[in-house]
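The values are calculated or read from the model by the stated rules, or taken from the named source; none is laboratory data. All of these numbers come straight from a predicted model, not from anything done at the bench. We place every Cβ from the backbone using ideal geometry, glycine too, and count neighbours over all the protein chains shown. Note: areas computed on protein heavy atoms with side chains; ligands, DNA, RNA excluded. Shrake-Rupley method; radii C 1.70, N 1.55, O 1.52, S 1.80 Å.
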Amino acid sequence: MSGEVERPGTPHEEDRLLLRATEVAGLPVVSINEGEAVADVKDVVYNPDQGHLLGFTLNKRGFLRGPMKAVLPMDSVAAIGRDAVMVTDSSVCDDKGSPLADEVRTSAGRNVVGNEVLTDTGRRLGTVTDIVVAADRGEVLGYELQGDSKLQGQGGRPLFLPIPVTLAVSGTALMVPATVEPFIRDDLSGFGAAVEEFRAQLSGSSS
Amino acid sequence: MMRLREAMGLSVVARDTAETLGQLHGAVVDVATRHIVALQVGKGHKARLADWSSVTGVGPDAAVVDSGASLRAGRGDREERMVKGDIALLGGRVLTDRGDVLGALDDVEFDEESGEIQALVCAGVSIGAARLRAVGGYAVVVAAEQSVSGGDGSASGELGPA
């Protein structure tokens, strides 16, 4: 690692597994204690006010494939991996009545994908195509954007935009500080570190 | 120490009659005690189980059970699914409790006296039996080296005694 100053406190940043929401959708939900797949992830539920996933809506598996009434709150998730969302046992997917389940259900209709991203200096960065999640804690680190042509990297590749822990959302547009621009990446590798640096700068200096 | 794959296909012979009862086609594992608790004789609808207590020995050439009368049908949903092959041990998907697939289960190392499981072998790596969490219809679940479900990672990556 040339030229990088080692920052204590984030030693494992490079090891954190980052996943796009669209990669999590479709993963099986597997119980650790039984080794059974109890559902498939239909979609992730996320509230931009809170900066992390609230949970998942679910599909039934197999012949009866289709949406389930039950939802999986993030509290009941043991781990999100490349190949499965792990829960301790199958009963956690029976949650239909808890306040968290209600929140997951009511939030499920809103969608940040398709929203425009504006900086606080009035520049349009692009349109949200996906969200980037740190698998370990379900924290939302940023968005994948179809950027505006001026910003667009090589050959129309998507851009990865770090976001503050919380941000203002109107339903059609998202507002981010203009200082984010140097931290935009066109590759997910190194994106975790870019998010850390951006957030450290936000909380540290009063520019 | 014995490998389950070596034992697969062995003739299962009754000690009292010297009759061959069938071929060894699998093993029923109790995850809580990490033991093989029964051997599967035959497959499909003819499959029967021999409780480990009725097994007098598993050697290089045969598995011996005390009597043909000790063979029984699968009991309960889990055993029935194992006998039917819905829950696969060898060849089954090995998934960590962090949600990452390690590969297919290549082998199970066990003590041929006690039936105690010593290690799982997956993608050429030996996984200590202490990391086993579940054998289910979707996956064999093992604790990741940095596990979310506690347990000890001390046996991780360690090759079992020869």
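How many residues does region A:46-61 hold that are modelled with pLDDT of 85 or more and among the small types (Gly, Ala, Ser)?
1
Got at least one residue in region A:113-131 being under 18 Å from A:SER189 (Cβ atoms) and either at pLDDT 85 or above or not β-branched (Val, Ile, Thr) (or both)?
yes
Looking at (1) open to solvent by 60 Å² or more (accessible area, probe 1.4 Å); (2) not in a helix (DSSP H, G or I), can you tell me which one A:PHE160 breaks?
(1)
Any idea which of (1) within 14 Å of chain A (Cβ to nearest Cβ); (2) open to solvent by 20 Å² or more (accessible area, probe 1.4 Å); (3) at pLDDT 90 or above is the one B:SER70 doesn't satisfy?
(1)
Name the strands (runs of 3 or more DSSP E) wholly inside region B:19-128 in which the number of residues that are of a type in the set (Asp, Glu) and under 27 Å from B:VAL142 (Cα atoms) is 3 or more.
B:101-110
For region A:16-42, give me the residue count where each residue is at the interface with another protein chain (Cβ under 9 Å from one of its Cβ atoms) and surrounded by fewer than 19 Cβ atoms within 10 Å (Cβ to Cβ).
2
Of all residues in region B:83-95 being open to solvent by less than 30 Å² (accessible area, probe 1.4 Å) and modelled with pLDDT under 95, which is farthest from the other protein chains (Cβ to nearest Cβ)?
B:VAL83
Quick check, is B:VAL121 open to solvent by less than 20 Å² (accessible area, probe 1.4 Å) and in the same structural domain as B:VAL12 (by TED's automatic domain parsing)?
The answer is no for B:VAL121.
For region B:106-136, how many residues are touching a Gly at 6+ places or on another chain (Cβ under 7 Å) and within 13 Å of chain A (Cβ to nearest Cβ)?
Looking only at that region, the number is 4.
Considering each of A:ASP95, A:ASP83 in turn, give the residue that is open to solvent by 20 Å² or more (accessible area, probe 1.4 Å), at pLDDT below 80 and of a type outside the set (Ser, Thr, Tyr).
On inspection, the qualifying residue turns out to be A:ASP95.
Looking at (1) in contact (Cβ under 8 Å) with a residue 12 or more places away in the chain; (2) more than 14 Å from chain A (Cβ to nearest Cβ); (3) charged (D, E, K, R), can you tell me which one B:GLU80 breaks?
Just one mismatch for B:GLU80, condition (1).
Go through region A:22-76 and tell me which strands (runs of 3 or more DSSP E), entirely inside it, have 2 or more residues that are among the small types (Gly, Ala, Ser).
The strands (runs of 3 or more DSSP E) meeting that bar are A:37-47, A:66-73.
Can you name every residue in region B:129-141 that is closer than 29 Å to A:ALA134 by Cβ, outside any strand (DSSP E or B) and among the aliphatic types (A, V, I, L, M)?
Within region B:129-141, B:ALA130, B:ALA139 qualify.
So, in region A:54-73, exactly how many residues are within 14 Å of chain B (Cβ to nearest Cβ) and crowded, with 19+ Cβ neighbours inside 10 Å?
Going through region A:54-73 one residue at a time, the tally reaches 2.
Filter region B:96-105 for residues that are surrounded by fewer than 18 Cβ atoms within 10 Å (Cβ to Cβ) and more than 7 Å from chain A (Cβ to nearest Cβ) and give the result.
B:GLY103, B:ALA104
Taking into account only those residues within region A:43-53 that are open to solvent by 20 Å² or more (accessible area, probe 1.4 Å) and farther than 23 Å from B:THR96 by Cα, which is nearest to the other protein chains (Cβ to nearest Cβ)?
It comes out as A:HIS52.
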